[in-house]
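The values are calculated or read from the model by the stated rules, or taken from the named source; none is laboratory data. Just so you know, these numbers come straight off a predicted model, no measurement behind them. Cβ placement follows ideal geometry from the backbone for every residue including glycine, while neighbour counts extend to all protein chains displayed.
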Amino acid sequence: MPLYLGLDSSTQSLTAIVIAIERGRRQVVFESSLSFDEALPQYGTTHGVLPRRDPRVAASSPVMWAEALELMMARVAASGLDLMQLAAIAGSAQQHGSVYMNATWAAAVQSLDPSRVLADQIRHLFARDESPIWMDSSTADECAEITAALGGERVLAKRTGSRAFERFTGPQIRRFSKQSPEGYQATARVHLVSSFLASLLAGDDAPVDPGDASGMNLMDLASQDWWDEAVHATAPRLREKLPTIAPSRTVVGTLSPYWRTRYGFPAAKVVAWSGDNPCSLIGTGLVKEGRVAISLGTSDTIFGLMREPRVDATGTGHVFGAPTGDYMGLTCFLNGSLARERVRNDLGMTWTAFSSALDATPPSARIILPWFEPEITPAVSIAGARRYGLSTSEPRGDVRALVDAQMVSMALHSRWMGVNIETIHATGGAAANRAILQTMADVFGAVVYQLEVANSAALGAALRAAHADMSSGDAGADWDEVVQGFAEPIAATRLEPDDRRHDFYRVLMQVYAACEAHALGRGPNPEPLLKQVAMTPIS
Ligand code: XUL
């Protein structure tokens, strides 16, 4: 029975999942996680991030990621699994982070010595000891410079899938080239976290896949190759420092002699790694247009597969390459559980009382713009919830207005994806709340399922490994078949939309958009609209 290993190097931890697939039988046979802070305290990270005085700067240690990889491979080797059945490995990594290798890297990674630990052998291969990661927001100047050089935000969004974002790799590379011209000059290769770790497994300089390359502001979405103008606008002689871009299901090599001799692994295929969001797309079963996932976590995220690379004209959403060869749209809302907890705490409610208040209160023309913290979508830099048609003496109304606002905002700001949403796979902590999921179904007019996947990125990576192994030549294996039995929603959790409520929410969405425009100083007072909607109560 072939085994497939998926690894996920996230901000705080490294997770491994091994799946076994044989005709009808499919199961997860191994799952393990290690937290960087706990397993590797010598690096001094907090939640996987190195301590910094400037809150805008966020970096981590690439040697730590490599050491974690070795610890995890040792765990897999000692798991009791029949290692000889391991057919392929793929990986997922936090997006945007960059790893700067010096000129000795390419030869050194090909000749790792199995008698010595990995970390000691790679310590000297970096042109920069630290890697900036996705939580870094220190590159506002570089974003502005790149945007101006390329003809504006819209141009950049259209070509690369996103306007310039501070955490994206291009602006990060530019900042390094300005701050440390010597370090930049000594850089022979700029890897992403994903391609760096794939290189260590294959013992060769690995390519990046379009899923992760689209998080750089450097890739042309349509051709899935580097966009020369963006590369030139970012940093000098950058083209020669970038890896190649290869399709997600590329087998980049086999496990190198290092892993085979030291741990007894076979010559399993190493499949290109991708970003955690593209891997989660697969791990949540979103291999067809029309299904989206909504993750209700600290922040709320909506993402789904798109056949066409449509982009968000308002500049808040992202388009990444999908591991299926299609595209994926993703929009992130910072005020997710953060806002839900805030309202619950302010009202002194338990979660049960919060759900009861939601159930007991029908939707109405009362709106909270839930910007308790500065918001990503839409971009709001000054924190503070804004209220319309709502007095503060209606606590139950607050709960309803908040959840309505969050769902309506997600529906509104994902319209750019042009996807007719039929099914939603809900994940994340708050997806356990049925009252919230019913609101989601009513607002989107879609069927909602709860999805019980804890490590969707690692699972997605394992499924990508299986898919690459089952594909032959140009013919890719059928994605629906690959994910079957692994990334399926729980049938018993199915929720149907209420048509009457959905009709009401379609109207409310227009009012919400008007309130948002007003609050952002881009539109007239929405009170007349609110009054009009208030005349149409709904039960
Ligand atoms: C996506 C993003 C995060 C990281 C987290 O654009 O920045 O989701 O990928 O690992």
Original post:
Since Met1 meets every condition but one in (1) aliphatic (A, V, I, L, M); (2) assigned to a strand (DSSP E or B); (3) surrounded by fewer than 18 Cβ atoms within 10 Å (Cβ to Cβ), which condition does it not meet?
Top reply: (2)
Original post:
Just checking, how many residues over segment 490-509 are loosely packed, with under 15 Cβ neighbours inside 10 Å and under 19 Å from Pro363 (Cβ atoms)?
Top reply: 5
**OP:** Please work out which one of (1) surrounded by fewer than 19 Cβ atoms within 10 Å (Cβ to Cβ); (2) aliphatic (A, V, I, L, M); (3) at pLDDT below 95 is the condition Ala246 fails and give its number.
**Re:** (3)
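Is there a residue being without any contact (Cβ under 8 Å) to a residue 24 or more places away in the chain and part of a loop (DSSP other than H, G, I, E, B) anywhere in segment 56-75? So that I can check it myself, show each step before the final result.
To start, the set of residues in segment 56-75 that are without any contact (Cβ under 8 Å) to a residue 24 or more places away in the chain comprises none.
The answer is no, given that none of the residues of segment 56-75 is without any contact (Cβ under 8 Å) to a residue 24 or more places away in the chain and part of a loop (DSSP other than H, G, I, E, B).
Here are some residues: Ala458, Ala487. Which one is modelled with pLDDT of 95 or more, small (Gly, Ala, Ser) and surrounded by 15 or more Cβ atoms within 10 Å (Cβ to Cβ)? Step through it out loud before you land on a result.
Numbers: Ala487 fails: modelled with pLDDT of 95 or more.
Among Ala458, Ala487, only Ala458 is modelled with pLDDT of 95 or more, small (Gly, Ala, Ser) and surrounded by 15 or more Cβ atoms within 10 Å (Cβ to Cβ).
Can you go through Leu437, Leu463 and tell me which one is more than 30 Å from Ala534 (Cα to Cα) and crowded, with 22+ Cβ neighbours inside 10 Å?
Details: Leu437 fails: more than 30 Å from Ala534 (Cα to Cα).
From the options Leu437, Leu463, the qualifying one is Leu463.
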Original post:
List the pairs whose first member sits in segment 99-116 and is in contact (Cβ under 8 Å) with a residue 60 or more places away in the chain, whose second member is surrounded by fewer than 18 Cβ atoms within 10 Å (Cβ to Cβ) and of a type in the set (Lys, Arg), and whose Cβ atoms are under 9 Å apart, counting only residues at least 6 apart or on separate chains?
Top reply: Pro114/Arg260
Original post:
Looking only at residues in segment 133-188 that are away from the ligand (no atom under 16 Å from the Cβ) and among the aromatic types (Phe, Trp, Tyr), which one is nearest to Ser9 (Cα to Cα)?
Top reply: Phe176
**OP:** Those residues that are surrounded by fewer than 23 Cβ atoms within 10 Å (Cβ to Cβ), of a type in the set (Ser, Thr, Tyr) and touching a Pro at 6+ places or on another chain (Cβ under 8 Å), I need them from segment 259-281; list them, please.
**Re:** Thr261
Original post:
Could you say whether any residue in segment 18-35 is within 23 Å of Leu81 (Cβ to Cβ), surrounded by fewer than 21 Cβ atoms within 10 Å (Cβ to Cβ), of a type outside the set (D, E, K, R) and within 16 Å of the ligand (Cβ to nearest atom)?
Top reply: yes
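Do we find that Arg237 is basic (Lys, Arg), in contact (Cβ under 8 Å) with a residue 40 or more places away in the chain and away from the ligand (no atom under 16 Å from the Cβ) in this structure?
Details: basic (Lys, Arg): yes; in contact (Cβ under 8 Å) with a residue 40 or more places away in the chain: no; away from the ligand (no atom under 16 Å from the Cβ): yes.
Taking the combined requirement at face value, the residue does not satisfy it.
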Original post:
Scanning for something crowded, with 20+ Cβ neighbours inside 10 Å, in contact with a Leu (Cβ under 7 Å, 6 or more places away or on another chain), under 28 Å from Leu451 (Cα atoms) and modelled with pLDDT under 95, does segment 310-328 turn up at least one residue?
Top reply: yes
Original post:
Does segment 25-33 include one or more residues that are at pLDDT 95 or above and charged (D, E, K, R)?
Top reply: yes
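Pick out, from segment 434-483, the helices (runs of 4 or more DSSP H) lying fully within it that include 1 or more residues that are within 30 Å of Arg400 (Cβ to Cβ). Let's see the steps before the verdict.
Values: elements: 434-444, 456-470, 479-483.
Counting at least 1 such residues, we get 434-444, 456-470.
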